[in-house]
Amino acid sequence: MAKQNIELIVNGDRYEVAVEPNRMLVDVLREDLGLTGTKIGCAQGDCGACTVLMDGVSISSCLTLAVEAHQRELTTIEGLAASPQELHPIQESFVQHGAVQCGYCTPGMIMSAKHLLDQNPHPSEEQIRQGLSGNLCRCTGYNKIVEAIGAAADKMASSGKEG
Ligand code: FES
Ligand code: FES
């Protein structure tokens, strides 16, 4: 199948890649760009492990063709922390609240949480649970994840780091 040249803007960096038209975005992120923080769980839109932001909206990158992301702004888990020493407040809160066990769902959970808090900086517990409804976790029972996101929202609001 003939490849197409596309430009991806990922975490502020521009990449030129040649991809088959049927190649999925998650595979290009992981295999071509080496951004393996985005995980593949089900590869069919059920688990949320592959969640990234495209133009600020959370999407399943296992259901998105790479060509659909041509010249769109993508954010992956690698784009959230200011540096390895300075995690994003949502990441910090997951660590502090014990919301990570095996960690496989965590990047997708955090990207969904980022999308939620960008839209709604003060979500109720119910709204957090709804915001995570597309993300599955086999380990935590969800409560600590929900607590972590609520605490991150409070911290971001009090430090003026909303969004
Ligand atoms: S890997 Fe994309 S939703 Fe499960
Ligand atoms: S921490 Fe293991 S799947 Fe969520």
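The values are calculated or read from the model by the stated rules, or taken from the named source; none is laboratory data. Quick caveat: nothing in here was measured; it's all calculated off a predicted structure. Cβ: placed from backbone, ideal geometry, glycine included. Neighbour counts: every protein chain shown. Note: areas computed on protein heavy atoms with side chains; ligands, DNA, RNA excluded. Shrake-Rupley method; radii C 1.70, N 1.55, O 1.52, S 1.80 Å.
Pairs of lysine residues in the chain that meet both criteria, 8 or more places apart or on different chains and Cα atoms under 24 Å apart, total 7. With the helix formula -39500 (n - 2.57) applied to DSSP H stretches of n ≥ 4, the chain reaches a computed 222 nm mean residue ellipticity of -8500 deg cm²/dmol. Taking every DSSP bridge with both residues inside the chain, close to 90 percent are antiparallel. Around the Cα centre of the chain, unit charges on the Cβ atoms of Lys, Arg, Asp and Glu (plus for the first two, minus for the last two) sum to a dipole of about 320 debye. Once you have a ≥ b ≥ c as the square roots of the Cα gyration tensor eigenvalues for the chain, tell me rounded if a/c is under 1.5, and otherwise prolate or oblate according to whether a/b is larger than b/c. Judged from the Cα gyration tensor, the chain comes out prolate (a/c at least 1.5, a/b above b/c).
For segment 89-159, with every protein chain kept in place, what is the accessible area per residue (1.4 Å probe, Å²)? Spell out each step's value before the answer.
Working: 3440 Å² over 71 residues.
Averaged over the residues of segment 89-159, the accessible area is 49 Å².
Couplings 3J(HN,Hα) of segment 133-144, computed from phi: 5, x, 10, 9, 10, 8, 10, 8, x, 6, 4, 5 Hz, in residue order, whole Hz [Karplus 6.51 cos²θ - 1.76 cosθ + 1.60, θ = phi - 60°; x for Gly and Pro]. Solvent-accessible area assigned to carbon and sulfur over the chain amounts to 46 percent, based on a 1.4 Å probe. The alpha carbons of segment 89-159 stretch over 30, 22, 17 Å along the principal axes, in descending order. Full extension of the chain between residue 31 and residue 157 yields a length gain of 41.7 nm, computed as 0.36 nm times the residue separation minus the alpha carbon distance.
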